[in-house]
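Below is one structure, written out as structure tokens; the observations come after it.
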Amino acid sequence: MELIELREIRKTYDMGDIEVPVLKGVSLTVTHGELVALMGTSGSGKSTLMNILGCLDRPTSGEYWLEGEDVSRMSADKRAVLRNRKIGFVFQSFNLLPRTSALENVAMPLSYAAGRISERESRRRAEEMLRRVGLADRLNHEPSQLSGGQQQRVAIARALVNTPSILFADEPTGNLDSRTTEEILRMFQRLNEEEGITIILVTHDAHVARHARRVIHIQDGLIVQGSPAVDEHPITSDAGWEVSSSEGRGGR
Amino acid sequence: MKVYKIFRTATRALRRNPMRALLTTLGIVIGVGSVIAMMEIGAGSAAAIQKTIASMGANVINIRPGAASSGGVTFGSGSVTTLSPEDVDAILKDCPAVRNAAPIVRTRTQVVYGARNWVPTFIYGSNTAFLDVQDWTIEDGEMFSERDVLNGNRVCVLGQTLVRQLFQNESPLGKNIRIKNISFRVVGVLGSKGANMMGMDQDDVILAPWTTIKYRVSGSSLGDTNQSAASSSSSSVNTLSNLYPGGEASLYPEQSEIQAADNPMPVRFASIDTILAVAQSADDIPEAISQMNTVLRERHRIRPDEPSDFSIMDMTQMTKALSSTTTMMTNLLLCVAMISLVVGGVGIMNIMLVSVTERTREIGLRMAVGARSWDILQQFLVEAVTLCLLGGALGILMGHGGSYLVWLSLRWPVETSVVAIAAAVFVSASVGVVFGFYPAWKASRLDPIEALRYE
């Protein structure tokens, strides 16, 4: 079973008098364990596609199967539950809750989980996640006390705390400098290779896309190319995604 | 989500901006505070007014003998003598709703002290229960005793007006005054009471044991109420007539008035003019009346189809009128306080709307990580309710403190009202729900995509 299967997805926005077609029949398959970059210029429809893939939006027509479930016919609340279970999001602007500690930020999705997760259990899991992104010593720091790279790592920890089967990263490095960008991208690669987490990177930056194993180009609402990317950046052994604490502080 | 978790999320969100939360809830604080203060001060003043009315005799139930009628002519209330002191004892024994009862014997005659004389409005013969029934106090000296009542001793207690009229600046205690030529020792002075509801001076009173008034002074009951007529025609006051007897000579030395009064004939059957009873509380008056009615009808052996030979009256009308005034005032003030609660609610709604707009991205994020619209609605609703309850709690403290301050500074009576506190909690929670609903609903309707992109 494929992880993601899109069949003839169309999305049309109704702007009053005129209808604006944004996606004009996208078909796509993503298997478990892939690291895919979704590339396209602004206005190409990549954000819309990403929203549909992330179950935030529904297509006008077409079918979307996520691990054997038909998402295109789900209600908003059902999709919310699905997002909670299977999808993690990382945003360009981090979107952390202000004046809230990193730990609480990471634990936040657990409070919407279907099963009963005790206070202690969610704390433990959030702590574990923060440790894995190298922020074990920043548990009680608020976002304003963290650097951009650290904030994004908190966001990644938050996206992973529910053990999702797929991680969407929407321009995850858009607000970061080149050094932290590299750091974050390596983290994604590590997650993909060592944890087997499927990652879809949405970007307009070819440099970022080069870190993916497969690049999907989208243009005018259609996929123009879906070839495996040439891996120009082999992962070096010394720069794992598990960033040491000294590096974490240095990123500030 | 578990309830306590929701509350924790709410308090955490509020703690992010404590100053704003405090200012937002200020409307509720003031509203609830004024409700509590109004209720407490209102209840206190209502109690005080009721006490005042009670001291004016509004709680007093008046039992008077029935009217005699003969050949279609009725003679008015009190024209027969059907009440006895034993009736008083029976009422005290068998009517639990009656707190106290006192027999009353009335007369109206001249009172003399030295060179001064006065005809007081009321000369009451009663027993020691009278003071309790009338809610009266002795200002100076003491009340006559139960033993004085039993022995028919010639002692009396004077009202303020009488003291002024007869004694001017002297102390009347221990002095002897003469009522209908019978010497009474003054043992006490009653406190001042002013005019009653009919405008009669209540201080213009002499209070003496009912036995003394009955057997030594009035001789009969209300038969000679018209004392002015009796005294002008009778020779008793004018002692000169004894010196110059114009009538027939008597065989035996005639007993003087004083001698006769000093040696009352034993009377088996005493009748009294009125029984004054006081109920346990103003609310018990109807119950007390029905109990006394039963007891008296039984004692007087009146068949069920016969009319009573007595009548029972109370001043409920007056009490009702006065207490309804305070109730109305309290309600009016409550309305004002309610309006301020509504204004406070609007303030909450306003800030919650601002908060929803401000936290659009947070809402989007929460939705993206799996919050359903119900979760978002719940979160903001609980936040508003928490804010209101917080304001309510503060308001209760402030209202209570305010009424305490009023009591401290103005000595206005204050009564803690549990009902008001419960109502305040309930009202502030419902204000939270009502005014928090729209912003929460608005938040829950947000589109996660647009919310995430909101700048």
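Working only within the range B:365-378, note down all residues that are part of a helix (DSSP H, G or I) and either acidic (Asp, Glu) or within 10 Å of another protein chain (Cβ to nearest Cβ) (or both). Reasoning before the result, please.
First, pick out the residues of the range B:365-378 that are part of a helix (DSSP H, G or I): B:365-368, B:373-378.
Listed by number, the residues that qualify are B:Leu365, B:Arg366, B:Met367, B:Ala368, B:Ser373, B:Trp374, B:Asp375, B:Ile376.
Are any residues in the range A:149-190 small (Gly, Ala, Ser), buried (at least 23 other Cβ atoms within 10 Å of the Cβ) and under 19 Å from A:Ala126 (Cα atoms), and if so, which ones?
Selection gives A:Gly149, A:Ala155, A:Ala157, A:Ala159.
Is it the case that some residue within the range B:34-51 is assigned to a loop (DSSP other than H, G, I, E, B) and either of a type outside the set (Gly, Ala, Ser) or modelled with pLDDT of 85 or more (or both)?
Pass one, the range B:34-51, residues assigned to a loop (DSSP other than H, G, I, E, B): none.
Taking every residue of the range B:34-51 in turn, none turns out to be assigned to a loop (DSSP other than H, G, I, E, B) and either of a type outside the set (Gly, Ala, Ser) or modelled with pLDDT of 85 or more (or both).
Name the single residue that is surrounded by the most Cβ atoms within 10 Å (Cβ to Cβ) among those in the range B:76-127 being of a type in the set (Gly, Ala, Ser) and not in a loop (DSSP other than H, G, I, E, B).
My answer is B:Gly125.
What's the total number of residues in the range A:117-137 that are surrounded by fewer than 23 Cβ atoms within 10 Å (Cβ to Cβ), within 25 Å of B:Trp374 (Cα to Cα) and either within 11 Å of chain B (Cβ to nearest Cβ) or touching a helix residue (DSSP H, G or I) at 6+ places or on another chain (Cβ under 6 Å) (or both)?
Number of matching residues: 4.
So, of the residues in the range B:411-455 that are over 30 Å from the mean Cα position of the chain (by Cα) and among the polar types (S, T, N, Q), which turns out to be surrounded by the most Cβ atoms within 10 Å (Cβ to Cβ)?
Step by step, filter the range B:411-455, then rank; the result is B:Ser428.
Looking only at the range A:162-180, which residues are without any contact (Cβ under 8 Å) to a residue 60 or more places away in the chain and under 21 Å from A:Ala114 (Cα atoms)?
A:Thr163 - this is the single residue of the range A:162-180 that is without any contact (Cβ under 8 Å) to a residue 60 or more places away in the chain and under 21 Å from A:Ala114 (Cα atoms).
State whether the residues of the range A:162-174 include one that is assigned to a helix (DSSP H, G or I) and either over 23 Å from B:Glu358 (Cβ atoms) or at pLDDT below 90 (or both).
no
So if I check each of B:Glu362, B:Glu358, which one is within 14 Å of another protein chain (Cβ to nearest Cβ) and surrounded by fewer than 22 Cβ atoms within 10 Å (Cβ to Cβ)?
Of B:Glu362, B:Glu358, the one residue that is within 14 Å of another protein chain (Cβ to nearest Cβ) and surrounded by fewer than 22 Cβ atoms within 10 Å (Cβ to Cβ) is B:Glu358.
Scanning the range B:186-199 for residues that are surrounded by fewer than 19 Cβ atoms within 10 Å (Cβ to Cβ) and closer than 11 Å to B:Thr161 by Cβ, which turns out modelled with the highest pLDDT?
In the first step, residues of the range B:186-199 are kept if they are surrounded by fewer than 19 Cβ atoms within 10 Å (Cβ to Cβ); the result is B:191-192, B:194-199.
The next check asks that each one be closer than 11 Å to B:Thr161 by Cβ; those that pass are B:192, B:194-195.
Numbers: B:Ser192: 87, B:Gly194: 79, B:Ala195: 76.
Of everything passing the filter in the range B:186-199, B:Ser192 is modelled with the highest pLDDT.
Step by step: first the residues of the range B:16-55, then only those that are within 14 Å of chain A (Cβ to nearest Cβ) and in contact with a helix residue (DSSP H, G or I) (Cβ under 8 Å, 6 or more places away or on another chain), then the one that is surrounded by the fewest Cβ atoms within 10 Å (Cβ to Cβ). Which residue is that?
B:Arg20
For residues that are exposed (fewer than 15 other Cβ atoms within 10 Å of the Cβ), at pLDDT below 80 and of a type in the set (Gly, Ala, Ser), tally how many sit in the range B:274-326.
Going through the range B:274-326 one residue at a time, the tally reaches 3.
Check A:His32 against each of (1) within 30 Å of A:Glu194 (Cβ to Cβ); (2) assigned to a strand (DSSP E or B) and name the one condition it does not meet.
Going through the list (1) within 30 Å of A:Glu194 (Cβ to Cβ); (2) assigned to a strand (DSSP E or B), A:His32 breaks only (2).
When A:Met108 is evaluated against the numbered criteria (1) part of a helix (DSSP H, G or I); (2) more than 9 Å from every other protein chain (Cβ to nearest Cβ); (3) within 30 Å of B:Asn17 (Cβ to Cβ), which criterion, by number, is the only one it fails?
(2)
B:Leu341 - would you say it is part of a helix (DSSP H, G or I), loosely packed, with under 13 Cβ neighbours inside 10 Å and either modelled with pLDDT of 85 or more or not assigned by TED's automatic domain parsing to the domain that holds B:Ser126 (or both)?
No; evaluated as a whole, the condition is false for this residue.
Being closer than 19 Å to A:Ala113 by Cβ, in contact (Cβ under 8 Å) with a residue 24 or more places away in the chain and part of a loop (DSSP other than H, G, I, E, B): is that true of A:Leu82 here?
Here the answer is no, as A:Leu82 does not meet what is asked.
Evaluate the following for A:Leu82: is it more than 9 Å from every other protein chain (Cβ to nearest Cβ), modelled with pLDDT of 90 or more and in contact with a helix residue (DSSP H, G or I) (Cβ under 9 Å, 6 or more places away or on another chain)? Lay out the reasoning, then the answer.
Working: more than 9 Å from every other protein chain (Cβ to nearest Cβ): no; modelled with pLDDT of 90 or more: yes; in contact with a helix residue (DSSP H, G or I) (Cβ under 9 Å, 6 or more places away or on another chain): yes.
So A:Leu82 fails the test.
Answer yes if at least one residue in the range B:300-314 is part of a helix (DSSP H, G or I) and away from chain A (no Cβ under 14 Å), and no otherwise.
No: the range B:300-314 contains no residue that is part of a helix (DSSP H, G or I) and away from chain A (no Cβ under 14 Å).
Assess whether A:Arg99 counts as being facing chain B (nearest Cβ under 7 Å), in contact (Cβ under 8 Å) with a residue 24 or more places away in the chain and either basic (Lys, Arg) or touching a Ser or Thr at 6+ places or on another chain (Cβ under 6 Å) (or both).
For A:Arg99, the condition - facing chain B (nearest Cβ under 7 Å), in contact (Cβ under 8 Å) with a residue 24 or more places away in the chain and either basic (Lys, Arg) or touching a Ser or Thr at 6+ places or on another chain (Cβ under 6 Å) (or both) - is met.
Look through B:Leu162, B:Leu150 and report the one residue that is part of a helix (DSSP H, G or I), of a type in the set (A, V, I, L, M, F, W, C) and closer than 28 Å to B:Val98 by Cα.
Details: B:Leu162 fails: closer than 28 Å to B:Val98 by Cα.
Every option except B:Leu150 fails the conditions.
Yes or no, residue by residue, for (1) among the basic types (Lys, Arg); (2) surrounded by 15 or more Cβ atoms within 10 Å (Cβ to Cβ); (3) at pLDDT 90 or above:
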position	(1), (2), (3)
A:His32	no, no, yes
A:Leu35	no, yes, yes
A:Gly40	no, yes, no
A:Gly43	no, no, no
A:Arg99	yes, no, no
A:Gly115	no, no, no
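When you scan the range B:238-256, do you find a residue that is in a helix (DSSP H, G or I) and at pLDDT 80 or above, even just one? Step through it out loud before you land on a result.
Going residue by residue through the range B:238-256, those that are in a helix (DSSP H, G or I) are B:240-243.
Okay, now just the ones that are also at pLDDT 80 or above, so none.
No, there is no match, as no residue in the range B:238-256 is in a helix (DSSP H, G or I) and at pLDDT 80 or above.
Given (1) under 21 Å from A:Leu201 (Cα atoms); (2) in contact with a Ser or Thr (Cβ under 9 Å, 6 or more places away or on another chain); (3) in contact (Cβ under 8 Å) with a residue 60 or more places away in the chain; (4) not small (Gly, Ala, Ser), where does A:Asp57 come up short, assuming only one miss?
(3)
The values are calculated or read from the model by the stated rules, or taken from the named source; none is laboratory data. Since the model is a prediction, treat every value here as computed from it, not as a measurement. Heads up, the Cβs are rebuilt from the backbone with ideal geometry, glycines too, and the neighbour counts pull from every protein chain shown.
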